Amino acid sequence: MPDNTINFTNQGNASIYGKQVGIGQQNNNNLVPPEFIAEVENSLGEIIKKYPNEDQALEEAKKDPKIKKLLDSATALVAPIVLKETVSPLVRPITEKLLNCWNLL
């Protein structure tokens, strides 16, 4: 016989009919793997250091197949807006421009 109860915890979680729901439910679509974030930030950070002019940095990043592959892989795992908001403020503008350029955002 199925569990037909609604149970609440003091953490704001609930289970309805035996299934977890509520605030504490983990949604894997919103989790950005730290290894992707670190790799994106490191790769874009190197380009930004090498080309302090934002337009030059953007052009160089567009030419780098590794950057495209990283962003494609990351956006396959999480929503592009989540990726954009998760990277450090230093690389956020160029990340957003690249996502827009490649129609990922």
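The values are calculated or read from the model by the stated rules, or taken from the named source; none is laboratory data. Since this is a predicted model, take the numbers as computed values, not measurements. Backbone-built Cβ (ideal geometry, glycine too); neighbour counts: all protein chains shown.
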Condition first: hydroxyl-bearing (Ser, Thr, Tyr) and outside any helix (DSSP H, G or I). Now tell me which residues in the stretch 77-94 satisfy that. Ser88
Starting from the stretch 40-64, keep only residues that are closer than 13 Å to Lys97 by Cβ, then list their pairs with residues that are among the hydroxyl-bearing types (Ser, Thr, Tyr) whose Cβ atoms are within a distance under 6 Å, requiring at least 6 positions of separation or different chains. Ala57/Tyr51; Glu60/Tyr51
Test set (1) surrounded by 15 or more Cβ atoms within 10 Å (Cβ to Cβ); (2) at pLDDT 90 or above - Thr75 fails condition number: (2)
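Only one of Lys62, Lys68, Lys97, Lys49 is part of a helix (DSSP H, G or I) and loosely packed, with under 13 Cβ neighbours inside 10 Å. Can you tell me which? Outline the logic, then answer.
Numbers: Lys62 fails: loosely packed, with under 13 Cβ neighbours inside 10 Å; Lys68 fails: loosely packed, with under 13 Cβ neighbours inside 10 Å; Lys97 fails: loosely packed, with under 13 Cβ neighbours inside 10 Å.
Lys49 is the lone residue from the list that is part of a helix (DSSP H, G or I) and loosely packed, with under 13 Cβ neighbours inside 10 Å.
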